[in-house]
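Here is the structure we will look at.
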Amino acid sequence: MNNKKFTLAQLAEFLSAKVQGDPNIEVTAIVPLQVASAGQISFLDNPKYRKFLAETNASAVILSEEMAEKCPCAALIVKNPYLAYAMTATLFDNKPVAKPGIHPTAIIGEHCEIDNSVAIGPNVVIGDYVKIGKNTVIQPGCIINHDVEIGANCWLWPNVTIYHGTRIGARTIIHSGAVIGSDGFGFAFHQGQYHKIPQIGIVRIGDDVEIGANTTIDRGALGDTIIGNGVKLDNQIQIGHNVEIGDHTVIAAGTGVAGSTKVGKYCRVGGLVGFAGHITITDQVTITAMASVAQSINEPGIYSSGVPAAPFSAWKRNMVRFQQLDSIARRLMQLERKFGEQEQEEESV
Amino acid sequence: MNNKKFTLAQLAEFLSAKVQGDPNIEVTAIVPLQVASAGQISFLDNPKYRKFLAETNASAVILSEEMAEKCPCAALIVKNPYLAYAMTATLFDNKPVAKPGIHPTAIIGEHCEIDNSVAIGPNVVIGDYVKIGKNTVIQPGCIINHDVEIGANCWLWPNVTIYHGTRIGARTIIHSGAVIGSDGFGFAFHQGQYHKIPQIGIVRIGDDVEIGANTTIDRGALGDTIIGNGVKLDNQIQIGHNVEIGDHTVIAAGTGVAGSTKVGKYCRVGGLVGFAGHITITDQVTITAMASVAQSINEPGIYSSGVPAAPFSAWKRNMVRFQQLDSIARRLMQLERKFGEQEQEEESV
Amino acid sequence: MNNKKFTLAQLAEFLSAKVQGDPNIEVTAIVPLQVASAGQISFLDNPKYRKFLAETNASAVILSEEMAEKCPCAALIVKNPYLAYAMTATLFDNKPVAKPGIHPTAIIGEHCEIDNSVAIGPNVVIGDYVKIGKNTVIQPGCIINHDVEIGANCWLWPNVTIYHGTRIGARTIIHSGAVIGSDGFGFAFHQGQYHKIPQIGIVRIGDDVEIGANTTIDRGALGDTIIGNGVKLDNQIQIGHNVEIGDHTVIAAGTGVAGSTKVGKYCRVGGLVGFAGHITITDQVTITAMASVAQSINEPGIYSSGVPAAPFSAWKRNMVRFQQLDSIARRLMQLERKFGEQEQEEESV
């Protein structure tokens, strides 16, 4: 189905690149250097991959000026090869083509404002008072409850659910199974039972956001949950009620952010990280995978916790010792005291 | 769309509250003290927020007798302000209104018993022999396989999937993307391959349960998986086959409970916690976030594991030392032996 | 609805078992030894359950030759009682019966090749150029984008989403809410913004695979994400782009595998495990639950990390000491140096 074909001249114009070699060479795919064959283009960015350049079978390679003379085939010379790769990949992307219009099986509520350029797929259900901006694509099986606003040029993959009141900016992508605006986890304990606290805030999502498959973002209890512009959320992330994620922060899969926590701008968060509720993380913070973030972080930098896996028997010994750690520390102090060692490094528990 | 308006007199009657000030004051929203403006009502429960009372712009505040004289505006005086807030929020809730009846695009199986008061949305698919109690709402895109029973006054948000045989009590709420009754993870290894063990038990869910978005609850292998009355499960929780969760236990997002584990009543479990399989947790146990629960717990109390994130360089040093922990403990013992220190605190590995 | 009934003679033929007792005994269910009643069959495999054999009320028990003489009722004697239980459970399985044919509400694209024996449920949406093999069942609400190939005898439970280009082998089972082929998490940072890198690879899934509810498998960036034959993935697993999972590896719920990591064959991975990206795990590796796998593993064996939960006060003391661990180790070394102890076990940080 994918019969796309471009000459180096065409790609050079698209990428503002300089052609080295025959501009009439045609390429039909972009693939990694080490697996490329004739008729395909590749790219070189990460220095780790330089070793593959000399022996690549690609017909052309996108690379920097610096690497051009080592290229054994034609080349497209650019300033940022990684970005040029990303742009080239858009040309070979085989994703669905969305035709403007509303599929006859879609069910649209009353008082909606849906631009004529919008593409709404089969079995989509849209509630009342929904607004959808130009060129936005709603794939099959998406359910959008009432009073939702979605900006222009967004793309919702199949089976996304959007609860009532949600606001979504322009150019935002939401992957299948994501749930936006579900109730936050709030209960009042009274006479032996938990009573539900209605979650009457909404979710506000900025422009240029991407939300991964099966990620969940809860609506605010009072006030709103906010996802800033340019935020990228991977799959299976959980965002609690009244959380705020600052602009251009990226979060890897499986991470959870508990209620009312604020994460700053340009943060980078690994996978399976847990954030406690009601804490504040400043801008430019990196959290490595599987860390437990229990307290606010006020200084930019890299933060980590957890211990990497070791062979079982070694782990078991160390793990038992961990349970004795306070005793070990106290006994060490006792020895130090006996022999007059300094204890200035010691903090008491 | 939200044009709700109540006088303090109306709210006082609803909440069994005492009005302090003008009972004819009208309010149109409930919001936090520090952001409230004229025409809005707020509440004060958590002592941390007392500082916001004096300067609130709210037209009225729900609070306790004790705080009433410090209120700068009208007040509704109640015994439990948090519960009164929860009740008031129900009045301003903008969630969808469900009209009784079956949408023409819904597909209903044979031999079903569905009360006339039930509201079934577009594109819902219901199998044979399904029973649904009074006033229950099934939102668009839900799929309910055969032989399922759902009690009265339940609410299923869009795109919920219920496998065959599931039993659900009254007043239970299930959020979008939740999957109830999928197969447990059971295989018999034979001649180099894993052979599927059919999961022929079901899931039984009690009354007044809430199940979060994209949470999954597996059916029993033999016998059933049981979720007690009043249990509240947050988003993206995984409940393995033949697990039992006791009444009124609450579990935060991302937690997993492995097969055949029994969690007691009135437990409180943080997010991203892992429970091993085949263990028993007694009643009234609190597990803090990200803990690893590897063994049964027989005493009520608070249990924790894990180490909070630290700056990367400090973490890296401590993490390497963790891998040396058994060696550290042994060397300490050696020194102690040399100098005749007591070792009674030491347990051998 | 479940009126299945078998004589021991029938079961013996099905299981290649030897009957001990009356072959005309009829059984209507298979249940655990300790809860069985007359008219039901049970099985004994795990030695832990031997204590229940003498007092079972079952009409018959599936067991090994060795245990036969201790059986208080009729028996079916087999070589592998656990496998025989799995086979017997298939007979009593009450899962939906799928009738060949395409439901009138299903929407099928152009140029599809769908065998006449395929069962496609209500509200299924299938894109163009999709191929589906014999006897495969697609339950309601599944969305399959264009250019997907699904082998024979597969079973997709409701509300599964398959992105374009995905390849799925024969006899593969996919549970509800699973998302196959969503975009991997790839961005090029340029001038203060993250720019999306189109994910133009696909997902290739082998034969005899099972994929749990709400599990997500991302498509490759360039090149493909590969799930080998016989792989079993539990619920809520996240598989990043360009990951490869070797044949017959089993992974428990909630585990995440970051991009480009290769997991070998016959590995066994616990729940809530995190794998870093770009690492390689050899064959026959076992990873225990909640471990953090940060580096490649080249030797088969069992690997672990993490510390089990302890009562809060003990945990808090040890956790504070963990933050002092490097200091503790250095101070111990100082004492050892002072007293001439050997330090050969010490590795420097």
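Here are a few things to note about the model shown:
- Lone qualifier among A:TYR129, A:TYR194 - being assigned to a strand (DSSP E or B), hydroxyl-bearing (Ser, Thr, Tyr) and open to solvent by 10 Å² or more (accessible area, probe 1.4 Å): A:TYR194
- Of all the numbered requirements in (1) open to solvent by 20 Å² or more (accessible area, probe 1.4 Å); (2) within 11 Å of chain A (Cβ to nearest Cβ), C:GLY101 misses one, and that requirement is (2).
- Residues (part of a strand (DSSP E or B), buried (at least 19 other Cβ atoms within 10 Å of the Cβ) and out of contact with any helix residue (DSSP H, G or I) (no Cβ under 9 Å at 6 or more places or on another chain)) located in the stretch A:283-328: A:VAL285, A:ILE287, A:SER292, A:VAL293, A:ILE297
- Filter result for C:ARG331 (free of Cβ contacts under 8 Å to residues at least 40 places away in the same chain and either open to solvent by 70 Å² or more (accessible area, probe 1.4 Å) or farther than 24 Å from B:GLY306 by Cβ (or both)): yes
- Restricting the stretch B:239-255 to residues that are part of a strand (DSSP E or B) and more than 11 Å from chain A (Cβ to nearest Cβ), the residue that is nearest to A:LYS196 (Cα to Cα): B:ILE245
- Filter result for B:ASN57 (more than 10 Å from chain A (Cβ to nearest Cβ) and either assigned to a loop (DSSP other than H, G, I, E, B) or at positive phi (or both)): yes
- Residues in the stretch B:13-35 that are closer than 16 Å to B:TYR85 by Cβ, over 27 Å from the mean Cα position of the chain (by Cα) and surrounded by 19 or more Cβ atoms within 10 Å (Cβ to Cβ): B:ALA17, B:VAL27.
- Taken over the stretch A:47-90, the criterion of being among the hydroxyl-bearing types (Ser, Thr, Tyr) and touching a strand residue (DSSP E or B) at 6+ places or on another chain (Cβ under 8 Å) is satisfied by A:THR56, A:SER59, A:SER64, A:TYR82, A:TYR85, A:THR88.
- Looking across the stretch C:1-14, the residues that are assigned to a loop (DSSP other than H, G, I, E, B) and free of Cβ contacts under 8 Å to residues at least 60 places away in the same chain come down to C:ASN3, C:LYS5.
- Flag for C:GLY277 being touching a residue at least 24 places away in the same chain (Cβ under 8 Å), out of contact with any Lys or Arg (no Cβ under 7 Å at 6 or more places or on another chain), in a loop (DSSP other than H, G, I, E, B) and within 11 Å of chain A (Cβ to nearest Cβ): yes
- Boolean, C:ALA106 is of a type in the set (Gly, Ala, Ser), touching a strand residue (DSSP E or B) at 6+ places or on another chain (Cβ under 7 Å) and open to solvent by less than 10 Å² (accessible area, probe 1.4 Å): no
- Any hit, the stretch A:115-123, residues being acidic (Asp, Glu), in the same structural domain as A:ALA252 (by TED's automatic domain parsing), open to solvent by less than 20 Å² (accessible area, probe 1.4 Å) and at pLDDT 95 or above: no
- Subset of the stretch A:256-266 [over 20 Å from A:ASP183 (Cβ atoms) and away from chain C (no Cβ under 12 Å)]: A:LYS262, A:VAL263, A:GLY264
- Residue selection: A:THR286 fails the criterion of being polar (S, T, N, Q), over 30 Å from C:ASN298 (Cα atoms) and without any contact (Cβ under 8 Å) to a residue 40 or more places away in the chain.
- Residues that are assigned to a helix (DSSP H, G or I) and closer than 14 Å to C:ILE77 by Cβ within the stretch C:15-54 comprise just one, C:LEU15.
- Failed item in (1) over 25 Å from A:PRO140 (Cα atoms); (2) within 29 Å of the chain's Cα centre (by Cα); (3) in contact (Cβ under 8 Å) with a residue 40 or more places away in the chain, with C:PRO81 passing the rest: (3)
- Inside the stretch A:139-169, residues that are over 18 Å from B:GLY177 (Cα atoms) and crowded, with 24+ Cβ neighbours inside 10 Å make up a count of 5.
One line per residue, one yes/no per condition, for (1) in the same structural domain as B:GLU244 (by TED's automatic domain parsing); (2) part of a strand (DSSP E or B); (3) open to solvent by 20 Å² or more (accessible area, probe 1.4 Å); (4) touching a residue at least 12 places away in the same chain (Cβ under 8 Å):
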residue	(1), (2), (3), (4)
B:ILE200	yes, no, yes, yes
B:ALA213	yes, no, no, yes
B:GLY223	yes, no, yes, yes
B:ILE226	yes, yes, yes, yes
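Here's the yes/no breakdown for (1) hydrophobic (A, V, I, L, M, F, W, C); (2) open to solvent by 10 Å² or more (accessible area, probe 1.4 Å):
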| residue | (1), (2) |
| --- | --- |
| C:THR216 | no, no |
| C:LYS232 | no, yes |
| C:GLN236 | no, yes |
| C:HIS241 | no, yes |
| C:ALA253 | yes, yes |
| C:GLY259 | no, yes |
| C:ARG268 | no, yes |
| C:ALA276 | yes, yes |
| C:ILE281 | yes, no |
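- Residue count, the stretch C:67-98 (criterion: among the hydrophobic types (A, V, I, L, M, F, W, C) and facing chain B (nearest Cβ under 7 Å)): 4
The values are calculated or read from the model by the stated rules, or taken from the named source; none is laboratory data. Every value quoted in this text rests on a predicted model; they were computed, and no experiment measured them. As a convention, Cβ positions derive from the backbone with ideal geometry for all residues, glycine included, and neighbour counts pool all protein chains shown. Heavy atoms of the whole protein, side chains included, go into the accessibility calculation; ligands, DNA and RNA do not. Shrake-Rupley method; radii C 1.70, N 1.55, O 1.52, S 1.80 Å.
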